[in-house]
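Quick note: the coordinates plus some simple rules give every number you see, no bench work behind them. As the structure is a prediction and not an experimental result, all values here were calculated from the model. Virtual Cβ from ideal backbone geometry, glycine too; neighbours counted across all protein chains shown.
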Amino acid sequence: MSGFKLGIVRLGRAAGKTKYALLDERDISLVDNYAFEAKVEVNKDGDGAKIFAFAYDVTKGRSTGQYLHELLWEKHSGGIAQGWKVIHRNGVTVDNRMENLVLLNDKCTIPSSEETPNKNREQSLYWIAVQQLQADPLEEHSIDPIYNRYYNCNGEILITEEDACVYYECHYPPCTNIEKDIREFSICGRCQEVRYCGTACQQRDWPVHKRYCRERRHLLYRERSPER
Ligand SMILES: [Zn+2]
Ligand SMILES: [Zn+2]
């Protein structure tokens with residue numbers, strides 16, 4: 001991989017974790033003019049959610065924003081005609097290297113990421129890149145409840161919702177498994193704040209997570225029910 005460079009942009013918190021987007025090196029200069037966010041798109045059929053990178057020119061405001069994969073496609077490969085969409089080949093919806101993007105007719109579907117064997121997933125550039133990141137310093141101080149933002153078609157924030165109806169993505173940073181049903185993933189029993197798609201991811205995240213995993217206190221509850 002010599003001479004091969006990538007960019008990682010921090011998108012902020014979404015679906016219970018800090019999200020990042022992967023970019024080609026030549027697109028990193030976008031950060032000079034653009035603000036980036038993670039945008040959770042809940043599937044209309046109630047079958048989980050997807051997280052995309054959303055970007056807008058800071059001088060023009062959020063209402064001019066668009067999905068990063070569409071912005072990059074238009075920048076490098078031209079327009080997106082009606083009835084066509086830009087798809088992430090490997091199913092990782094924040095892996096916005098041009099090599100990972102393809103223009104498809106709206107009616108076509110590609111196999112979803114869950115059909116990608118775990119081994120391939122873990123060898124993907126996205127996985128390797130995110131795995132090498134330092135833990136997000138904000139994560140360690142995060143005491144805010146987890147919020148999801150919903151936007152209207154002008155890009156304005158409609159409602160900010162507490163985590164009651166949030167789909168969680170596996171908290172292990174490189175893992176992009178996301179719940180298909182709310183509360184599908186198991187929660188860290190100690191802090192009851194983070195969720196994992198399985199024990200493998202929980203174990204791999206523990207060396208980092210243990211630094212800010214704090215036991216949830218149930219003192220009041222215990223005082224009132226001494227028989228337990
Ligand atoms: Zn996972
Ligand atoms: Zn924990």
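Residue-wise HN-Hα couplings along region 52-62, as the Karplus relation 6.51 cos²θ - 1.76 cosθ + 1.60 with θ = phi - 60° gives them from phi, are 10, 8, 10, 9, 9, 5, 5, 7, 10, x, 4 Hz; Gly and Pro carry x. As a proxy for reagent exposure, ranking 23, 71, 101 by other Cβ atoms within 10 Å from fewest up yields 101, 71, 23. Summarising the amide proton neighbourhood of residue 11: residues at separation of 5 or more, or on other chains, whose placed amide H is nearer than 5 Å comprise 19, 20, 21. Taking the number of Cβ atoms within 10 Å of each Cβ as an exposure proxy, the fewest-first ranking of 102, 130 is 102, 130. Between residue 82 and residue 119, the simple label model (points 7 Å from Cα in the Cβ direction) yields a spacing of 4.7 nm. For residue 180, the lysines whose Cα comes closer than 21 Å to its Cα, not counting residues fewer than 8 places off in the same chain, are 17, 19, 39, 44, 50.
Placing a label point 7 Å from the Cα of residue 28 along the Cα-to-Cβ direction, the residues of region 7-22 whose backbone N falls under 20 Å from that point are 7-12, 19-22.
Remark: 171, 76 ranked as 76, 171, counting other beta-carbon atoms within 10 Å and listing the fewest first. Close amide H pairs (under 5 Å, H built 1.01 Å from N) link residue 102 with 87, 89, residues at least 5 positions away or on another chain.
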